[in-house]
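Heads up, the thing below is written out as structure tokens.
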Amino acid sequence: MMTQDVWEVIWLSLQVTTVSVLIGMLLGIPTGTFLGLYTFRGKRLVVALIYTCMGLPPVLVGVVVYMLLSRYGPLGALGLLFTPEAMIIAQIVLVTPILAGLTMSAVQAKERAYWETAKSLGASPVQMMLTIVKEARGGIWSGVAAAYGRAISEVGAVMLVGGNIEHHTRVMTTAIILETRTGNFTAGLQLGLVLLAISFLFNSFLMAGVLNQMRNGRR
Amino acid sequence: MKVARTVSSFFLLSLVLLLAACSSTPSLSTATQQVPAPEASPPASQPAPAPAPSAENKEIVLATTTSTQDSGLLDALLPEFQKQSGITVKVIAVGTGQAIKLGEEGNSDVLLVHSRKAEEEFVTKGFGINAYDVMYNQFYIVGPADDPAGIKDVQSAKDAMSRIAEKQASFVSRGDDSGTDKKEKSIWSEAQIKPEGSWYISSGQGMGETLQMADEKRAYTLTDEATFLSRKLNLEVLVQGDKSLLNPYGIIQVKSSTKPEEGMQLIQFFTGEIGQKLIGEFGKETYGKGLFVPDAKKR
């Protein structure tokens, strides 16, 4: 594999993962906050569903998204199959439950301490939610880290819906599979180490930030 | 201090991951080497003809292409071989490129592959001995029924591919260094075309996935007959029968194999009367015609 191609593959991995995690955050964090703060009929079921979906098999998500986007499927007219967009859709399905679930636990942990205070100070529901999210940010960030790690190292779904097309939908994980299949174990291993390094950097960066914030918050 | 602890636990975690990553790669080789060598490999001086099937568990590793596995050919042949010889064949079905690599690294005993050039190289480099032709099948150029590049009436594969490139009609390539991929590349180079651009899609996946992608994208592709017939897709055979679309399979013994005798038995089975007959009959029931044409001979 040539160096230029390697950068291209790494760059696409980062793009797809970042976009999906960002969209997943927009969907998952409000959902998780809501679930953490309010009780309603059927909440248990919703929570059970979210916890189940946190462990969704990526390949299953891949098959379902594939069938939806296939030219012979309901959304076939969009022509999205085998594009980076399709990979992002699959990744969003995978990371949103993680973000929602971990946000929910983080919010629940802080709820009691801050809810009453905020309320007694006359905060509106939106203000109260924002306050709680701010207080629970440590837990939420670790949710983001978990989601990012899951998305960037995921292979089954992106292989199915992205198709591993060179210069178009080939990401690090699918490139590793291809290199291994063609007998280039060294190249596969090298890419795997890059993947590991990115995960490590991202997590340390995130965790350092979180710990810093927590310490500042305590002061 | 908390930071330090967290950081060190990260290091630990990454170390564990690293170890896991390292140990997972060579797992192929450990899987193949765990076969107890001593009892299973009698000295090579013993006569080659098959000894009576004994109770002892003899195993060899056959590295082959996905096409022989996916088409079901091996399922038709290997049980018969095992019944005859008492040897269990462990199949590793990968692309031709990886299959040959497995042979070079001594991780398989016999190769059944289809890339004549790579096979000859394998033998001349001293990695393989006893190379035989086994059978051949056909490649097709398939594409959407409306045939946007108009290759239906073209006789030769070379001209058909030139026309696809000229019209910049979408073409899905395996791009995985497999036998089919090598065949496709050889036709491009015969036509003196360097395929590139957005119309040329390199899937980096197996034949089944590549066909599916061609179907989804209304694109052309080069496929082996067996895989194509085993899928129901809205693609049509547009070019066939050209000499350059024939696909010969070879069976080769890995020189460094610790079980040369068992390996030779397998080769003799594939190239012998029963094996050849089974190969010729394979697929007739399901597809109305045999998928492989037996043509065993020593090279």
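The values are calculated or read from the model by the stated rules, or taken from the named source; none is laboratory data. Owing to the predicted nature of the structure, the values given are computational and were not obtained by experimental measurement. Heads up, the Cβs are rebuilt from the backbone with ideal geometry, glycines too, and the neighbour counts pull from every protein chain shown.
The rows are residues; the columns are (1) touching a residue at least 24 places away in the same chain (Cβ under 8 Å); (2) buried (at least 23 other Cβ atoms within 10 Å of the Cβ); (3) not β-branched (Val, Ile, Thr).
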site	(1), (2), (3)
B:150	no, no, yes
B:154	yes, no, no
B:164	yes, yes, no
B:171	yes, yes, yes
B:201	yes, yes, no
B:209	no, no, yes
B:217	yes, no, yes
B:228	yes, no, yes
B:251	yes, yes, no
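Would you mind listing the strands (runs of 3 or more DSSP E) fully within segment B:197-292 where at least 1 residues are within 14 Å of chain A (Cβ to nearest Cβ)?
Strands (runs of 3 or more DSSP E) meeting the threshold: B:200-202, B:220-224.
Right, residue B:210: among the β-branched types (Val, Ile, Thr) and closer than 16 Å to residue A:164 by Cα or not?
Details: among the β-branched types (Val, Ile, Thr): yes; closer than 16 Å to residue A:164 by Cα: yes.
Spelling it out, residue B:210 is indeed among the β-branched types (Val, Ile, Thr) and closer than 16 Å to residue A:164 by Cα.
Would you say residue A:151 is more than 13 Å from every other protein chain (Cβ to nearest Cβ) and either of a type in the set (D, E, K, R) or within 14 Å of residue A:14 (Cβ to Cβ) (or both)?
It is true that residue A:151 is more than 13 Å from every other protein chain (Cβ to nearest Cβ) and either of a type in the set (D, E, K, R) or within 14 Å of residue A:14 (Cβ to Cβ) (or both).
Can you pull out the residues in segment B:131-151 that are of a type outside the set (A, V, I, L, M) and under 15 Å from residue B:245 (Cβ atoms)?
Scanning segment B:131-151 gives B:136, B:137, B:138, B:139, B:140, B:143.
Would you confirm whether any residue within segment A:58-65 is more than 19 Å from residue B:213 (Cα to Cα) and surrounded by fewer than 23 Cβ atoms within 10 Å (Cβ to Cβ)?
Looking through segment A:58-65, at least one residue is more than 19 Å from residue B:213 (Cα to Cα) and surrounded by fewer than 23 Cβ atoms within 10 Å (Cβ to Cβ).
Name the residue that is surrounded by the fewest Cβ atoms within 10 Å (Cβ to Cβ), counting only residues in segment A:160-185 that are more than 9 Å from every other protein chain (Cβ to nearest Cβ) and more than 17 Å from residue A:7 (Cα to Cα).
Checking each candidate, the answer is A:162.
Select, from B:153, B:177, the only residue that is in a loop (DSSP other than H, G, I, E, B), over 20 Å from residue B:136 (Cβ atoms) and within 14 Å of chain A (Cβ to nearest Cβ).
Only one candidate qualifies: B:177.
Would you check if residue A:126 is closer than 23 Å to residue B:175 by Cβ and either over 21 Å from the mean Cα position of the chain (by Cα) or surrounded by fewer than 24 Cβ atoms within 10 Å (Cβ to Cβ) (or both)?
Here the answer is no, as residue A:126 does not meet what is asked.
Please verify whether residue B:277 is basic (Lys, Arg), modelled with pLDDT of 90 or more, within 22 Å of the chain's Cα centre (by Cα) and surrounded by fewer than 21 Cβ atoms within 10 Å (Cβ to Cβ), treating the condition exactly as stated.
On the way: basic (Lys, Arg): yes; modelled with pLDDT of 90 or more: yes; within 22 Å of the chain's Cα centre (by Cα): yes; surrounded by fewer than 21 Cβ atoms within 10 Å (Cβ to Cβ): yes.
Judged against the criteria, residue B:277 is a match.
Residue by residue, here is whether (1) over 29 Å from residue B:207 (Cβ atoms); (2) within 14 Å of chain B (Cβ to nearest Cβ); (3) in contact with a helix residue (DSSP H, G or I) (Cβ under 6 Å, 6 or more places away or on another chain) holds:
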position	(1), (2), (3)
A:76	no, yes, no
A:85	no, no, no
A:102	yes, no, yes
A:108	yes, no, yes
A:118	yes, no, yes
A:125	yes, no, no
A:158	no, yes, yes
A:187	no, yes, yes
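Kindly indicate the residue of segment B:180-196 that is within 12 Å of chain A (Cβ to nearest Cβ) and more than 15 Å from the chain's Cα centre (by Cα) and also surrounded by the most Cβ atoms within 10 Å (Cβ to Cβ) among those meeting that condition.
B:195
State yes or no: is residue B:269 among the hydrophobic types (A, V, I, L, M, F, W, C) and within 14 Å of residue B:68 (Cα to Cα)?
Criteria not met by residue B:269.
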